[in-house]
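First the structure, in the form of structure tokens, and then the observations on it.
The values are calculated or read from the model by the stated rules, or taken from the named source; none is laboratory data. This structure is a prediction, so every number in the text was calculated from the model and none was measured. When we count neighbours, we look across all protein chains shown, and the Cβ atoms used for this are built from the backbone with ideal geometry, even at glycine.
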């Protein structure tokens, strides 16, 4: 149900907490990348205490949400055993909850909460439901999530809404410092009425490597990578590539795959490893991120740019902070995205521009220095 991954050393100083989602996505990759950043660039010893919603079962998950977490004694024991000075908490729901943070503090650690999404208020975390953005829930008023059945299961929607309303302020009161991945994410959380601590810092997600040079000018297709869910805009990507006359390769799995599996000019690679994804990027002329909701960061775009692949993206959310303005188009507008695709294909220097921007915004040494100051 849950596991603890040990570092090479017997004693650690940073303890990560993360509750994995039923379907893995960008947050799991971000957690792994921050573990790497702490080890390789801060030189800190680090350990991950992890729980997995896919193994938890719905009844146990509901108990965790309603009760504010499961087995906080395991968190306290991990803090004492490792002598952790900081607990860096990522997704806490449903198995950790506020009780994990309380246990960590009682055992002598300070708490840094990493808010990758909007789950302090939003039951699905992404502010997207029924095919469009939604910010109806506000503060402890999570009733809209029940009325709209955002979780897709009435009982589960009720449990999540009730637990978020009940425990939201208690959880926030146990956080010494918070991290968000973008200015947009911080602004949206405030818009949602989330009780953010005064020490809420913007820290972009790291990428581990940068290409020596871009190969995008010789690329032969557009690349869409990520979860194939409605908010990611796969349908917009398919239509835009049809208009632009550019083949589309799709890497990832999700509910939208079956809908577009027979589309002309589209090939599906399925779930791929990091190595396979690197190979796909090396053959791509550009990457697509046509999101329909306000991304809190845009990890797929960041990784593509670090590989020297320019990104045609939606003009929405934190993508405005990552992707150059001339590479963005209105969300949901396939003809506009097709025009951006055409412009990028005509710009022989776009790949090198993408690489330079990624180096500027995502330098691991700089991000590590900021994270170290937050820990301090």
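Some observations on this one:
- Hits in region 39-60 - residues which are touching a strand residue (DSSP E or B) at 6+ places or on another chain (Cβ under 9 Å) and farther than 29 Å from residue 370 by Cβ: 52, 53, 54, 55, 56
- Of the residues in region 258-273, not one is within 20 Å of residue 24 (Cβ to Cβ), in the same structural domain as residue 315 (by TED's automatic domain parsing), touching a residue at least 12 places away in the same chain (Cβ under 8 Å) and buried (at least 20 other Cβ atoms within 10 Å of the Cβ).
- For region 343-371, filtered to residues that are outside the structural domain of residue 220 (by TED's automatic domain parsing) and farther than 17 Å from residue 209 by Cβ, the residue that is surrounded by the most Cβ atoms within 10 Å (Cβ to Cβ) is 371.
- Selection count, region 51-82, where residues are in a loop (DSSP other than H, G, I, E, B), surrounded by fewer than 20 Cβ atoms within 10 Å (Cβ to Cβ) and at pLDDT 95 or above: 1
- A count restricted to region 295-320 and to residues that are farther than 17 Å from residue 203 by Cα and surrounded by 24 or more Cβ atoms within 10 Å (Cβ to Cβ) stands at 10.
- Only one of 253, 231, 239 that is surrounded by 15 or more Cβ atoms within 10 Å (Cβ to Cβ), in a helix (DSSP H, G or I), out of contact with any helix residue (DSSP H, G or I) (no Cβ under 9 Å at 6 or more places or on another chain) and in contact (Cβ under 8 Å) with a residue 12 or more places away in the chain: 231
Here is a yes/no grid of residues against (1) assigned by TED's automatic domain parsing to the domain that holds residue 277; (2) modelled with pLDDT of 95 or more; (3) out of contact with any helix residue (DSSP H, G or I) (no Cβ under 9 Å at 6 or more places or on another chain):
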site	(1), (2), (3)
172	no, yes, no
177	no, yes, no
184	no, yes, no
187	no, yes, yes
191	no, yes, yes
194	no, yes, no
220	yes, yes, yes
224	yes, yes, no
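- Within region 285-318, the residues that satisfy the criterion of being touching a residue at least 24 places away in the same chain (Cβ under 8 Å) and in a helix (DSSP H, G or I) are 299, 300, 302, 303, 304, 305, 306.
- Failed item in (1) crowded, with 19+ Cβ neighbours inside 10 Å; (2) under 14 Å from the mean Cα position of the chain (by Cα), with residue 37 passing the rest: (2)
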